[in-house]
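Structure, as structure tokens:
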Amino acid sequence: MKVELVNIGKKYEGREQFTIRHIDLEIEDKDFCVILGPSGCGKSTLLRMIAGLNSITEGDLLFDGKRMNKVEPKDRDIAMVFQSYALYPHMTVYDNMAFSLKMRKEEKTVIHDRVIEAAELLQMTDYLYSKPSEISGGQRQRVALGRAMVRKAAVFLLDEPLSNLDAKLREHMRVELVRLHKSLETTSVYVTHDQTEAMTMATKIVLLNDGKVQQVGKPSEFYEKPANLFVAGFIGSPTMNLFPGQIEDGVFKADDDFTVEPDQADKESLAEYQGKRVVMGIRSERFLAGEAEKNNISVEVDVIEMLGKEQLLYCKFPNGKECVISEPGHFKYAIDEVHHFHLDLEGLHFFDEETSERIG
Amino acid sequence: MKKKKEKGLYLSDRPPLTAVKVGMLGLSYVLLFFYVFVILWPLAQILFASFNGNHGSYIQIGVSFSFSMKHFQYLFGKTYFLNWVWNTILIALATAALTLLFVSFTGYAYSRYRFKGRKASLMAIMLIQTIPSFAGIAAFYTLHSIIASIAPWFSRQMFLILIYAGGGIAGNTFILKGYIDSISSELDDAARIDGCGNLQVYRLIIMPIVRPMLAVIALWSFIGPFLDFMLPSILLNDPRSYTLATGLHTLINDVRNMHQPVFAAGGLLTAVPIIILFIALQKQLVSGLASGAVKG
Ligand SMILES: Nc1ncnc2c1ncn2[C@@H]1O[C@H](COP(=O)(O)OP(=O)(O)OP(=O)(O)O)[C@@H](O)[C@H]1O
Ligand SMILES: [Mg+2]
């Protein structure tokens, strides 16, 4: 089912300002859409509006072109996994999963088959008659998934379902969830504040901040073409290095005492920024070791983080400004040494300092 | 074989007892036994007195014991005891049922819904609680005569039920609201998505979870009419319509009609319905206690 949000806004009772506003979004059928953003930016609010648990203050919510603003949650053909799992504590795992089907007066045999099917897929068959309090966190999470699965709803809503799990299990469940999404052939909307989850699972990411959509697109676009300074700083680990500076004669002059001559494509888009303030962004892996003819920097190594395959160098410019550089793990660096690097011109991002929007 | 092997192992999770701790433990036992004695001794006295044929109108100390049922015979034959039991049970059941029904609605509504006057009405309920119900005796009288003039079938007993239930609803709304507040509202949301309407959310999800609390509320509202003497003695005027407390009181408040051992026998039997209810609710009560213990 295709889910469309048209100019949606939400203002909570007793709040001065809109929590989110002017949200326009199209989620295609069978998309795995991840809503990403820092804590408190309104992700859950948006998801709960799609579910019908929060009212929509302004705008329209369309499912396959039909307006759903006033439709009860139970009539929306959705299933939802909650952040706290929200399992019914007085029911067994089996009854938890069967509950929604029972409420819809399905036949007993159908219910049984669906529950068993889901339990087998999630490897929960041994725990069907345990209470939620008697199983582990990871198992509870799977029950929550199972409960949403049995409905075979058209839209699958997930609110940070992996946030309570340990790292190993989370990694495993990420793959499981994507597999599940494919096998169920539903539209999924997944809320998270974890960019790794977003980058690895999504077919489409929506980055929210300040109640506004910052960027919508494929995961790779977020890394390669961040739409503004917020996205540039939010996506990617380590964080992108940002250097404020000025364009003079087509050359970027950083406040930190180095100059960069951008490549042809960037030069063209920067043409109208002659003499204006811009911010240049470059990711840690786009620093190349050694000196070249142009675009060099020399920095002092402050801290080294050895990750094996690569190493992260936390460096300082002579004026104290810091930057992060990643180099292959077998290169030899030592703390307090001064090293020269040059910049990979294809890895440069320019942003208007005033509007913080991407240039080009 | 296996058992023998375990004998030498220390399996408890607590640190082993030292001499001082053993002493403290002994002291605790002594205190507990004393406490048990204080409670059980009067009960035993009632038991003996009600079966002792040597007692006359008064219970005297130092009378020898001879088993007899004559006090019970008097109780059932010469008084309206069965009427009183029946009245009290009816009033207690009606009170408990009314209280449970209304508290379910009010507790759930105050916990889950935001509406105008929510805070103010909660405050009002709390403040009104502090006024004892017999302070309203005059108001009760006038109220009853007004209602009875419109609906003659509205008896004084029904009015008593309303007073008990009214008090119970106010006080227990707080308790239940607090208990429901501690249940995540995401459970409600999940149930709503799973296809429940408002009432179903309460009946299928919330009510089973708060059942231990409801059991306690039911028990307390049921016991209330058994214990209260003041209101029925003022409101009820026909000995046949008395509750147990007022009825039995007639056996000891007048020298011309003094039957203390019969009073003891009646008191003994009064415990029976309460015990039956307690046993019936035991599972709910204990499960509540147990789950609370785990949470803490
Ligand atoms: N019921 C409510 N009444 C009033 N304000 C609310 C309510 N629920 C949320 N808010 C406000 O809306 C904002 C967004 O909340 P929301 O729960 O959507 O954040 P979130 O993006 O899901 O954060 P997190 O990642 O921490 O879950 C917050 O500032 C919060 O204070
Ligand atoms: Mg949230």
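The values are calculated or read from the model by the stated rules, or taken from the named source; none is laboratory data. This structure is a prediction, so every number in the text was calculated from the model and none was measured. Every residue, glycine among them, receives a Cβ derived from its backbone with ideal geometry; neighbour counts consider all protein chains shown.
Could you give every pair whose Cβ atoms fall below 6 Å, whose first residue belongs to region A:29-42 and is among the hydrophobic types (A, V, I, L, M, F, W, C), and whose second residue is in a loop (DSSP other than H, G, I, E, B), counting only separations of at least 6 or pairs across chains?
Final answer for the pair search is A:32/A:202; A:32/A:203; A:34/A:202.
In region A:34-63, which residues are small (Gly, Ala, Ser) and either near ligand 2 (Cβ under 10 Å from one of its atoms) or within 13 Å of chain B (Cβ to nearest Cβ) (or both)?
A:37, A:39, A:40, A:42, A:44, A:51, A:52, A:55
Can you tell me which residue within region B:40-94, out of those that are closer than 19 Å to residue B:253 by Cβ and among the hydroxyl-bearing types (Ser, Thr, Tyr), is surrounded by the fewest Cβ atoms within 10 Å (Cβ to Cβ)?
If we take residues in region B:40-94 being closer than 19 Å to residue B:253 by Cβ and among the hydroxyl-bearing types (Ser, Thr, Tyr), then B:58 is surrounded by the fewest Cβ atoms within 10 Å (Cβ to Cβ).
Within region A:96-117, track down each residue that is surrounded by 16 or more Cβ atoms within 10 Å (Cβ to Cβ) and more than 15 Å from residue A:152 (Cα to Cα).
Across region A:96-117, the qualifying residue is only A:96.
Return the total of residues in region A:1-33 being within 14 Å of another protein chain (Cβ to nearest Cβ) and more than 17 Å from residue A:52 (Cα to Cα). Let's see the steps before the verdict.
As a first pass, look at region A:1-33 and keep what is within 14 Å of another protein chain (Cβ to nearest Cβ): A:12-15.
Pick out the ones that are also more than 17 Å from residue A:52 (Cα to Cα) and you get A:14-15.
The number of residues fulfilling the criteria is 2.
Of all strands (runs of 3 or more DSSP E) completely enclosed by region A:180-228, which ones contain at least 1 residues that are within 14 Å of chain B (Cβ to nearest Cβ) and within 13 Å of ligand 1 (Cβ to nearest atom)? Please lay out each step first, then the result.
Values: elements: A:187-192, A:204-209, A:212-217.
Result: A:187-192.
Which one is farthest from ligand 2 (Cβ to nearest atom) among residues in region A:126-166 that are at pLDDT below 90, over 20 Å from the mean Cα position of the chain (by Cα) and surrounded by fewer than 16 Cβ atoms within 10 Å (Cβ to Cβ)?
For region A:126-166, the residue satisfying everything is A:134.
Give the number of residues within region A:36-45 that are of a type in the set (A, V, I, L, M) and within 15 Å of residue A:82 (Cβ to Cβ). Outline the logic, then answer.
Going residue by residue through region A:36-45, those that are of a type in the set (A, V, I, L, M) are A:36.
Next cut, within 15 Å of residue A:82 (Cβ to Cβ) only: none.
The total comes to 0.
Which numbered condition in (1) farther than 18 Å from residue A:188 by Cα; (2) charged (D, E, K, R); (3) in contact with a helix residue (DSSP H, G or I) (Cβ under 9 Å, 6 or more places away or on another chain) is the only one that residue A:30 fails?
Going through the list (1) farther than 18 Å from residue A:188 by Cα; (2) charged (D, E, K, R); (3) in contact with a helix residue (DSSP H, G or I) (Cβ under 9 Å, 6 or more places away or on another chain), residue A:30 breaks only (1).
Could you list, in sequence order, the residues of region B:163-198 that are within 13 Å of chain A (Cβ to nearest Cβ) and part of a helix (DSSP H, G or I)?
Listed by number, the residues that qualify are B:185, B:186, B:187, B:188, B:189, B:190, B:191, B:192, B:193, B:198.
Quickly run through region A:179-215 and pick out the residues that are over 15 Å from the mean Cα position of the chain (by Cα) and among the β-branched types (Val, Ile, Thr).
If the condition is that a residue be over 15 Å from the mean Cα position of the chain (by Cα) and among the β-branched types (Val, Ile, Thr), then A:186, A:187 are the ones that fit.
Can you list the strands (runs of 3 or more DSSP E) found entirely within region A:4-81 that contain at least 1 residues being within 12 Å of ligand 1 (Cβ to nearest atom) and over 21 Å from residue A:201 (Cα atoms)?
Hits in region A:4-81: A:20-27.
Determine, yes or no, whether residue B:218 is crowded, with 22+ Cβ neighbours inside 10 Å and within 14 Å of chain A (Cβ to nearest Cβ).
Numbers: crowded, with 22+ Cβ neighbours inside 10 Å: yes; within 14 Å of chain A (Cβ to nearest Cβ): no.
Criteria not met by residue B:218.
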